[in-house]
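Data block below; observations after.
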Amino acid sequence: MTISGIRRAPAVVGGETPSPPRHQKAGSRRTVLLFLLPAFVVYTAVYIAPAVASVALSLFRYSGTGDDPKYIGLRNYRQALRDEAFRSSFVNTFKVLFFVGIAVFVMSFVLTMTMREMRARGFVRAVLFFPFLVSPVIIAIVWGFMLDPTRGLVNTTLNEVGLGSFTQVWLGPKLIFPMMMTGMGWMFTGFFVTILMAGVERIPPYYYESADLAGATRWQKFRLITLPLSWDVVGIMAVLWVINAMKTFEFIYAFTGVGTPPSATNWTAALYVYYTGFANTGQPALGSACAMTVIMLLIIAVLVVLIQRLMRRERIEF
Amino acid sequence: MRKRMRILAAGAAAAVLAGTLAACGSSGSMGTEDSKTITYWSTWNKGEPQQQVIQQAIGSFTKETGIKVRAQFSGRQVMKQVDTANNTSKVPDLVDDSSESLLSAANSGVLQGVDAVYGRSVPGESKTVAQVIPPASVKFLKDDKGQYALVPYQTLVTSLWFNDKMMQKIGATPPKTFDELLDTCGKAVAHGMACVADDGTIPDYNAYWLTQLVSRYLGPEWIRKAAADKTGQTWRDPKFLAAAQALEKLVKGKGNMLSGYQGSKLPAGQQAWSQNKALYLLMGSWAASDTKNYAASGFDYDSVTFPSVPNGQMSVDSQSVGFGITKKAKNPAAAQKFIAYFMSKRWMSELSSKAGVIPSRPDVPAPATLASVQKQLADAPVVTRYLDGVPSIYPNYWTNVFDVADDQLFFGETSPEKFVDKLVSSSKSYWASHS
C-alpha cells in the first residue's frame with residue numbers, strides 16, 4: 001500500500017448494522033441506566049450541585065465565613081471585568097496557554113518522531129513521563145531553588161564552568177514568569193509525548209516503510225502520515241491542554257515557596273480567584289471569586305468549542 | 001470514534017470545571033464538646049517550639065481546672081479553616097494566629113470580642129490581663145466595633161538586623177539616621193560585602209524598606225490614609241517622594257544590594273546575610289531564629305529601630321500572635337479562663353526561654369538575641385501597626401497596586417518620580433473598579 005492508498009472514511013459509519021429487537025433494546029437501556037445511577041448521584045451531589053450553588057453565589061456579596069449573603073445582581077461580574085489585576089492575570093493565563101502550549105506540542109511531536117524509531121523508546125518515554133508523576137508543587141519548589149540567583153544550581157554551575165557571564169537573575173521581575181512557563185513546559189511535555197506516542201503507535205509501520213521506499217523526507221512522513229493519522233489524538237491533547245493551562249495554579253503558587261506568594265504580576269486567573277476567595281490577608285470575598293470562576297468557565301467552554309471546530313477534519317480510517 | 005473522543009473531552013472538561021466551581025461552594029467541619037471541654041485550633045504545627053509550650057500549658061491547665069482542651073495544631077492556614085467551619089455549627093472555641101489575621105476574622109464576624117479576658121485576673125498574680133500588657137501593644141488590636149479581637153502572647157517587631165562583630169570589623173557603629181546607614185553601606189561595600197540582603201520574591205519584605213522610610217517622613221498611619229484615597233493624589237505628597245528618593249539612593253548605590261536580590265528566593269537572602277555576605281537585614285523578630293542554623297560562627301545578632309530622617313518621626317512597627325474566641329464558641333467562658341491562665345509569668349517565661357520569642361508581657365525578659373528588640377519596643381515613642389494594617393484592610397490594593405509599584409522602585413527599575421506617577425494612576429484605576 002502507498003501513501004495515496006490511505007482511505008478517506010465516510011463521515012457517518014455503522015448504518016449497516018441490523019438493529020436489535022425492541023424488547024432487547026429497552027432491557028439493555030434499563031441496565032445501562034441502573035449502572036449509571038450511582039455515578040450520576042455522586043457526580044450530581046459532589047460536582048453539579050456545588051457548581052450550580054457557585055453560580056448562584058456569584059450574584060451575592062458573601063465572604064464565605066458564615067455571613068449572610070447579600071444579593072447584588074451582576075456587580076461582582078462588573079467589578080471583575082473592570083479589575084485591571086484580574087485582566088492582567090488572564091493575560092498571564094493566556095501566555096501559558098499559547099506559549100507553553102506551542103512549546104509543549106512542538107516538543108511532543110519532535111520527541112515522538114525521534115522516539116518512534118528508537119529501540120529503547122519505552123524507557124525514554126518512562127523517563128519523559130516521570131516529571132508528570134511528581135506533584136507540581138514539589139517541581140515548582142525545586143525549580144525555584146535551582147534558579148535562585150544568589151546560590152541556585154544554575155548560576156552556581158555556570159560560574160563553576162567558567163560561564164559566569166551567562167548568569168542571570170532568573171527569578172527577577174523580567175525572567176520569573178518565563179522561567180515558570182519553562183518549568184511547566186518541562187513538566188507537561190512527557191505527558192503529551194505519552195498520549196501522542198499511543199496514537200502514533202497505532203499507525204501501521206508499512207506506511208512509513210512505503211514512504212521510505214518512495215524516498216520521503218522526515219518532514220513529509222510527519223506531514224503526510226503521522227499528523228493526519230493521529231489527528232484525533234491531537235484534538236484530545238489540545239482540549240486537555242486548554243483545561244490544564246486555564247487552571248494553572250499550583251506551579252505558580254509554590255514557585256517562590258508555599259505560603260509566600262510571588263508578586264501579583266505573576267498571578268494567573270486561577271491564582272487570583274484563590275486569593276480573592278480565600279484571602280491571604282484581610283477578609284475573603286467568596287461571592288466575587290465565584291463570579292470570576294464563572295467567567296473562567298465561560299472562557300474555557302468557548303475555547304474548547306473553538307478548538308473542536310478548528311480541529312474538525314474528515315476522519316481517516318486505517 | 002471522533003464523536004466518542006469529543007464526548008470524552010467534553011466530559012473531562014466538565015469534570016475539571018465543575019471541580020473548580022465546586023471548590024467555591026464547599027465547606028468543612030470539626031467538632032466541639034461539652035462545657036468541661038474547649039476546642040482549640042492553633043496556628044502552630046506539631047513540634048514547633050510554641051506548640052510545645054502551649055501543649056505543656058494545656059496539660060497543666062487541665063490538671064488544675066479539670067477543663068479539657070482538645071487541641072488541633074493546624075499550622076499557619078488555621079484561620080482559613082476556621083472561616084470555612086464558621087458556615088457550620090462545628091467551630092472551635094479558641095483559636096490563635098497573627099494579630100492581622102485575627103483582626104480580619106473579627107471584622108468578618110467570625111470572632112467575638114475578648115474584652116472580658118482583659119478584665120480577668122492572671123492566676124497566681126494580683127494583676128489583671130490588661131495590667132500586664134502595655135497599652136501601646138494592644139491599641140491596634142480592636143476590631144471595627146471597638147472590641148479587642150485578641151489577647152496577644154507574642155510580640156513581633158520589624159527591626160534593622162546586623163552582626164555586631166561585623167559592624168565593628170568594618171569600623172562602623174549602628175546607624176541612628178538614614179544618612180548614617182548609607183555611610184555604613186559604603187564601609188560594608190569597601191570591605192567586600194553588600195549592605196542589604198533581601199529575598200526579592202517576597203513583595204512584603206521588599207515593602208518593609210519603603211514603608212519604614214514613609215513612617216519616618218510622614219508618620220504612622222499615613223500609608224493607610226494614602227491607600228484609602230480614591231483619587232490617589234495623597235501619594236503626591238513631597239515627603240512621600242523624598243522617602244522614595246531616599247530608597248533609590250540605597251538601592252542604586254554601587255554594591256549596596258546583595259547581587260541577585262531581585263530574584264532571591266526565601267530563605268536564600270536572609271541566609272546570605274547570616275553568612276556575612278551583607279551587613280543588614282530589615283526583618284521581623286523571627287530573623288534570628290530563622291537563620292541561626294546557617295549563621296557564620298560567632299554571629300552576634302543585634303538590631304536597631306529603623307533609623308530616622310531629618311525632622312522625621314520615630315516609631316516601631318509591631319504585630320502580635322495571640323488568642324481569639326469564635327463568635328459561635330460553645331464554651332467561651334472556659335476559653336477565656338485558658339487565655340488568662342496562659343498569660344501568667346510562668347508560661348510567658350516558657351515562651352521566652354523555650355520558644356525563643358518575645359512574650360507580650362514586658363516584665364518577662366526576652367531571650368538574649370531579642371533583648372535589643374524588646375528594648376526598642378520599650379523605648380518607642382509610638383508603636384505602629386504592622387505595615388500600617390494596609391495588607392489586611394485593603395488586601396487586593398496592597399498586593400495588586402502598592403506591592404507591584406514598590407517592587408519596581410526597590411529593584412531600581414523606575415525613578416521615584418515615575419513610581420509616584422504610577423502609584424497615583426494605578427490607585428485611581430483600582431478604586432474606580434472597587435468602589
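The values are calculated or read from the model by the stated rules, or taken from the named source; none is laboratory data. Please read all numbers here as calculations on a predicted model, not as lab measurements. Glycine also receives a Cβ, built like all others from the backbone with ideal geometry; neighbour counts cover every protein chain displayed. Protein only, heavy atoms only, side chains kept; ligands, DNA and RNA dropped before computing areas. Shrake-Rupley method; radii C 1.70, N 1.55, O 1.52, S 1.80 Å.
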How many angstrom lie between the C-alpha centres of region B:305-380 and region A:160-205? 47
Under a point spin-label approximation (7 Å from Cα along Cα-to-Cβ), what is the residue B:46-residue B:252 distance to one decimal in nm? 5.4
Diffing region A:140-157: the Karplus 3J(HN,Hα) column from phi (6.51, -1.76, 1.60, θ = phi - 60°), in whole Hz with x for Gly and Pro, holds 4, 5, 5, 4, x, 5, 5, 8, 3, x, 7, 8, x, 4, 5, 5, 4, 5
Hey, how many Å between the Cα centroid of region B:274-297 and the Cα centroid of region A:258-318? 39
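In terms of the Cα gyration tensor, with a ≥ b ≥ c the square roots of its eigenvalues, is region A:73-146 rounded because a/c is under 1.5, prolate because a/b exceeds b/c, or oblate? All intermediate terms of the calculation are to be shown ahead of the outcome.
Details: a/c = 3.65, a/b = 2.28, b/c = 1.60.
Prolate, because a/c is 1.5 or more and a/b exceeds b/c.
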Using only alpha-carbon positions, what ratio does the radius of gyration of region A:34-116 give when scaled by 2.2 N^0.38 Å? 1.76
With every protein chain kept in place and ligands, DNA and RNA left out, what is the accessible area per residue of region A:75-317? Probe 1.4 Å, answer in Å². 45
Which one, A:65, A:166, A:146, is farthest towards the positive end of the dipole of the protein assembly as shown when Lys and Arg carry +1 and Asp and Glu -1 on their Cβ? A:65
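Would you list B:91, A:91, A:154 from the most to the least accessible area, probe 1.4 Å? Write out the running numbers ahead of the final one.
Working: B:91 0, A:91 80, A:154 45 Å².
Ranking B:91, A:91, A:154 by accessible area, largest first, yields A:91, A:154, B:91.
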Accessible area of region A:51-157 with a 1.4 Å probe: how many percent of it is carbon plus sulfur? 72
Once the dipole of chain B is set up from charges on Cβ (+1 Lys and Arg, -1 Asp and Glu), the residue from the list B:353, B:269, B:69 lying farthest towards its positive end is B:69
Over region B:191-331, with neighbouring protein chains present, the accessible area per residue in Å² at probe 1.4 Å is 33
Heavy-atom accessible surface that B and A bury in contact, both chains counted, 1.4 Å, Å² to 100: 5100
Residues along region A:246-281 losing 40 Å² or more of accessible surface when the other protein chains are present rather than the chain by itself (probe 1.4 Å): A:256, A:260, A:263, A:264, A:278, A:281
Counting sequence-distant residues (5 or more places) and residues on other chains, those with an amide H built under 5 Å from that of residue B:383 are B:316
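Provide the gained length on full extension for the span residue A:157 to residue A:213, in nm with one decimal, where the gain is 0.36 nm per separating residue minus the Cα-Cα distance. Walk me through the numbers on the way to the answer.
Working: separation 56, 0.36 × 56 = 20.16 nm, distance 4.71 nm.
Difference between extended and current length: 15.5 nm.
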Report, by chain and number, residues whose modeled amide H sits under 5 Å from the one on residue A:282, excluding near sequence neighbours (fewer than 5 apart, same chain). none
Reported to the nearest 10 Å², residue A:29 has, with a 1.4 Å probe, an accessible area equal to 150
Roughly how many nanometres apart are two label points built 7 Å out from the Cα toward the Cβ at residue A:40 and residue A:126? 4.3
Once phi is turned into ³J(HN,Hα) by the Karplus curve 6.51 cos²θ - 1.76 cosθ + 1.60 with θ = phi - 60°, what whole-Hz value does each residue of region B:104-118 show in order, with x for glycine and proline? 4, 5, 5, 5, 7, x, 7, 10, 9, x, 10, 3, 4, 5, 5
Using a loss threshold of 10 Å², tell me which positions in region B:372-405 are less accessible in the complex than in their chain alone. Probe radius 1.4 Å, ligands and nucleic acids ignored. B:391, B:392, B:395, B:396, B:399, B:400, B:404
Given a Förster distance of 56 angstrom, what is the FRET efficiency for residue A:309 paired with residue B:237, based on the Cβ-Cβ distance and rounded to 0.05? 0.50
Any idea which of B:177, A:90, B:316 is furthest toward the positive side of the dipole for the protein assembly as shown, if Lys and Arg beta-carbons carry +1 and Asp and Glu beta-carbons -1? A:90
Non-local residues with an amide H under 5 Å from the amide H of residue B:128, with H modelled 1.01 Å from N and Pro and chain starts lacking one, are B:122
Euclidean distance between Cα centres, region B:196-263 to region B:108-184, Å: 22
Treating the beta-carbon of each Lys and Arg as +1 and of each Asp and Glu as -1, no other charges, what is the dipole magnitude of the protein assembly as shown about its Cα centre, to the nearest 20 debye? 2560
For B:144, B:183, B:198, B:421, write out the residues from largest to smallest accessible area, computed with a 1.4 angstrom probe and no ligands counted. B:144, B:183, B:421, B:198
Averaged across the residues of A:167-177, what count of C-beta atoms belonging to other chains lies within 10 Å of each residue's C-beta? 5
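For chain A, what relative contact order do you get, as a whole percent, if you take Cα pairs closer than 8 Å and at least 6 residues apart? Please list the in-between numbers first.
Numbers: 340 pairs, mean separation 100.3, N = 318.
Averaging sequence separation for qualifying contacts and normalising by length gives 32 percent for chain A.
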In nm, spacing of pseudo-spin labels at residue A:49 and residue A:82 (7 Å Cα→C-beta vector): 3.7
To the nearest 10 Å², what's residue B:230's accessible area with a 1.4 Å probe? 110
Need one value: the accessible area of residue B:191 in square angstrom, 1.4 angstrom probe, rounded to the nearest 10. 100
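I'd like the mean, over residues of B:84-95, of how many other protein chain beta carbons sit within 10 Å of each residue's own Cβ. Don't skip to the end; give the middle numbers.
Values: counts 6, 2, 5, 5, 1, 1, 0, 1, 0, 0, 0, 0.
What the average comes to for B:84-95 is 2.
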Within 10 Å of the Cβ of an average residue in A:128-139, the count of other chain Cβ atoms is 0
Rg/Rh over Cα atoms for the protein assembly as shown, Kirkwood Rh, comes to 1.03
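Which order do you get for A:224, A:297 if you rank them by accessible area with a 1.4 Å probe, largest at the top?
Working: A:224 70, A:297 45 Å².
Putting A:224, A:297 in descending order of accessible area: A:224, A:297.
In square angstrom, what is the accessible area per residue of region B:363-435 with a 1.4 angstrom probe?
Values: 2570 Å² over 73 residues.
Value returned for region B:363-435: 35 Å² of accessible area per residue.
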